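Structure record follows, encoded as structure tokens.
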Amino acid sequence: MNPPRTDTKNLPLFRGSLAIMVIGLVLAVLSQFVRTHPLPWYEEWSAQVIKAAELEGVPVVTLEEVDAIVASGSHIIFDARPLSDYDSGHIPTAMPFPETEMQTAFEDQASLLMPDTEILVYCSGLACEESLVVAQFLMQAGHERVVLYAAGFKEWTDRGREIE
Amino acid sequence: MKRELIEKMVFWTMWIIVSVTFLLAAWPKIGDPQGFAKTVYNYQLLPDVLVNPAALYIPWIELAIAVAILLIPRLRRSGLLLAGIMLAVFTLAKGISMYRGIDISCGCFSTDQEGGPISWKDIILNLLLIASVVVGYIGCENEAPETATDADS
């Protein structure tokens with residue numbers, strides 16, 4: 001009786017794949033030593049917008065604070081995402097203020113905005129910067145009482161909050 | 001004989017398409033790892049701790065795959081297998097981003113964050129590339145000398 005035939009192609013296929021992966025890894029590590037500005041092995045990406053906001057002097061609010069703001073209606077809420085995202089759903093009472101059309105949005109909302117008006121701005125989540133850009137724009141336009149909801153619409157929906 | 005020649009031309013075309021695509025994808029990311037790390041983060045699929053290692057590793061393995069497919073016949077089949085796996089993962093990532101409505105650029109051939117958002121065009125392009133990988137892989141299976149070498153090793 002003949003011994004069972006083994007598939008001789010599989011081992012080289014696995015070995016070859018492993019070799020390519022190791023070569024890629026070695027090149028990636030070596031590149032770090034060659035670069036004048038190597039990429040840090042770890043960065044706190046989720047906190048980058050929050051850090052930038054702190055540097056720019058824009059206060060960041062938490063979900064619980066946003067709950068209170070929405071419930072009390074104390075702030076004008078601006079959604080800095082594209083209009084199509086706003087139309088798909090937004091935080092209750094929020095108004096569209098797409099970062100790509102800031103000047104037009106600002107002119108549209110001008111009648112609501114006094115220098116002491118409290119404003120909250122948000123966008124899709126921690127990875128987006130649109131809300132910070134809008135917040136800076138509003139502050140430069142003379143509205144100092146702007147706060148940022150950095151965790152944005154993603155946290156709002158992930159935590160089961162109502163949208164409209 | 002003519003049929004063999006046509007098959008060989010088809011297989012080589014697929015290998016060149018896949019290899020050049022991976023080369024074009026790797027190059028800008030190698031030149032701008034910070035920009036590519038931002039792209040990886042924007043997909044919101046990896047925890048912070050894996051973003052930079054992935055951004056560093058992906059372009060170099062893309063380059064290694066491109067070289068293996070085009071220049072190293074012994075590693076061609078393995079290169080195509082890895083290319084297929086990577087393309088499947090990328091397609092899934094793009095599909096998830098589209099489903100979640102995340103407005104980000106693909107980051108496929110550039111680290112520019114201002115590129116257009118991921119669309120069905122990107123998904124279809126990936127599926128076509130996966131088809132090229134499959135045809136190319138069949139070409140490797142048909143290559144008698146390589147099979148013999150593999151069997152020997």
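Here, each number is a calculation from the coordinates, and none is a lab measurement. Small disclaimer: the values here were computed from a predicted structure and weren't measured. All Cβ positions, even for glycine, are placed from backbone atoms using ideal geometry, and neighbour counts span all protein chains on display.
Here are some residues: A:GLU129, A:GLU155. Which one is within 14 Å of chain B (Cβ to nearest Cβ), closer than 24 Å to B:SER105 by Cα, touching a strand residue (DSSP E or B) at 6+ places or on another chain (Cβ under 9 Å) and of a type outside the set (Lys, Arg)?
Working: A:GLU129 fails: touching a strand residue (DSSP E or B) at 6+ places or on another chain (Cβ under 9 Å).
Answer to the selection: A:GLU155.
Which residue pairs have Cβ atoms closer than 7 Å, lie 6 or more positions apart in sequence or on different chains, and pair a first residue in the range B:1-27 that is farther than 10 Å from B:SER132 by Cα with a second residue that is of a type in the set (D, E, K, R) and part of a helix (DSSP H, G or I)?
Hits for this filter: B:PHE22/B:GLU62; B:ALA25/B:GLU62; B:ALA26/B:GLU62.
Does any residue of the range A:74-81 turn out to be in contact with a helix residue (DSSP H, G or I) (Cβ under 7 Å, 6 or more places away or on another chain), within 14 Å of another protein chain (Cβ to nearest Cβ) and of a type in the set (Asp, Glu)?
Yes: one or more hits.
Which one of these does B:ILE16 not meet: (1) crowded, with 17+ Cβ neighbours inside 10 Å; (2) away from chain A (no Cβ under 13 Å); (3) among the hydrophobic types (A, V, I, L, M, F, W, C)?
(1)
Just one of the numbered conditions (1) within 16 Å of A:PRO59 (Cβ to Cβ); (2) surrounded by fewer than 22 Cβ atoms within 10 Å (Cβ to Cβ); (3) not β-branched (Val, Ile, Thr) is not true of A:TYR149; which one?
Only one criterion is unmet by A:TYR149, namely (2).
Select from the range B:75-97 the residues that are in contact (Cβ under 8 Å) with a residue 12 or more places away in the chain and exposed (fewer than 15 other Cβ atoms within 10 Å of the Cβ) and write down the one among them that is nearest to the chain's Cα centre (by Cα). Don't jump to the end; show me each part of the working.
To start, the set of residues in the range B:75-97 that are in contact (Cβ under 8 Å) with a residue 12 or more places away in the chain comprises B:76-77, B:79-84, B:86-88, B:90-91, B:93-97.
Now drop any that are not exposed (fewer than 15 other Cβ atoms within 10 Å of the Cβ), which leaves B:88, B:96.
Details: B:ALA88: 9, B:ILE96: 18 Å.
Of everything passing the filter in the range B:75-97, B:ALA88 is nearest to the chain's Cα centre (by Cα).
Which count do you get for residues in the range A:62-88 that are under 19 Å from A:LEU126 (Cα atoms) and assigned to a loop (DSSP other than H, G, I, E, B)?
4
Taking the range A:39-72 on its own, how many of its residues are surrounded by fewer than 18 Cβ atoms within 10 Å (Cβ to Cβ), farther than 17 Å from A:CYS128 by Cβ and within 14 Å of chain B (Cβ to nearest Cβ)?
So the count comes out to 3.
Which one of B:GLY84, B:GLY107, B:GLY35, B:GLY79 is closer than 28 Å to A:LEU126 by Cα, of a type in the set (Gly, Ala, Ser) and part of a helix (DSSP H, G or I)?
Working: B:GLY84 fails: closer than 28 Å to A:LEU126 by Cα; B:GLY107 fails: part of a helix (DSSP H, G or I); B:GLY79 fails: closer than 28 Å to A:LEU126 by Cα.
Checking each option against the conditions leaves just B:GLY35.
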